[in-house]
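Contents: one structure, followed by commentary.
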Amino acid sequence: MRDFVSGSGNVVIESLKGVWSAMANGFSINSGIEEIDQLLSRGGMDSMLLTLWLIIGAVTFGALLEEFGLIGRLIDPMIRSARSTGRLYLTVFASALGLNIVAGDQYIALVLPSRVFRVEFAKRGLAPTNLSRLAADSGTVTSPLVPWNSCGAFMGAVLGVATFSYLPYAIFNYASPALSVLYGFTGFKIEKVEPGAGADQPASST
């Protein structure tokens, strides 16, 4: 009985070691079908370290930009010149796309415009859901179109296809933000709230 329990314990331990090893270093299979082998044989967490370092560096860079007030200095003049709702929408899109290009990570391009433009949307009586949808359409879906962005780098590595090669076929990634900006100019699907609601905090640190 002891031998059976001991043997079962060893099997469990070896199984856990195998799972951990596959998670950390990857898994390799030789099924005889090349497509299946390419799909299932991956590098694990170890192969993702470069992407993780890119994300950490981008988030740190974006936090410094915001803390030093550089984001506000760049965006405040754009806000003042965006007199119409359509131009404000276009400004949010340009900011998110620019952050995807400069900061290199979609989290920065999604979070910072949402925080910077929140007060301006409230002052103009535009519901927060409008900004949430616009930021997602502008910051999230455009990130795979930038080769050095963490999303673009990840998809290029996983798919084995250069970013500029799949870009013409990524219709959703540029059609979605284009439609959101069009909504701003036409007023279609724009939710309204009482002007000034939620505008009790400054839009930037400057």
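Things to note:
- Among the residues listed as ASN100, ASN173, the single one being farther than 20 Å from SER84 by Cα and either in a loop (DSSP other than H, G, I, E, B) or touching a Pro at 6+ places or on another chain (Cβ under 9 Å) (or both): ASN173
- Pairing residues of region 147-176 that are under 17 Å from LEU110 (Cα atoms) with residues that are assigned to a loop (DSSP other than H, G, I, E, B) and hydroxyl-bearing (Ser, Thr, Tyr), at Cβ distances under 7 Å and at least 6 apart in sequence or on separate chains, gives ASN173/THR142.
- Total residues in region 56-97 satisfying the condition of being more than 13 Å from the chain's Cα centre (by Cα), within 19 Å of ASN130 (Cβ to Cβ) and in a helix (DSSP H, G or I): the figure is 14.
- Answer residue from region 92-109, given it is surrounded by fewer than 21 Cβ atoms within 10 Å (Cβ to Cβ) and over 17 Å from GLY69 (Cα atoms) and is modelled with the lowest pLDDT among those: TYR107
- VAL119 fulfils the conditions (1) buried (at least 22 other Cβ atoms within 10 Å of the Cβ); (2) within 25 Å of SER84 (Cα to Cα); (3) not polar (S, T, N, Q) except for a single criterion, (1).
- PRO202 being at pLDDT below 90 and not hydroxyl-bearing (Ser, Thr, Tyr): yes
- Verdict on PHE188 being farther than 18 Å from LYS123 by Cα and either modelled with pLDDT of 90 or more or not in a loop (DSSP other than H, G, I, E, B) (or both): no
- Taking the criterion of being more than 9 Å from the chain's Cα centre (by Cα) and under 15 Å from ALA175 (Cβ atoms), the only residue of region 140-156 that qualifies is LEU145.
The values are calculated or read from the model by the stated rules, or taken from the named source; none is laboratory data. Bear in mind that the values here come from a model prediction, so they are computed numbers and not experimental data. For neighbour counting, all protein chains shown are included, and Cβ atoms are generated from backbone atoms with ideal geometry for every residue, glycine included.
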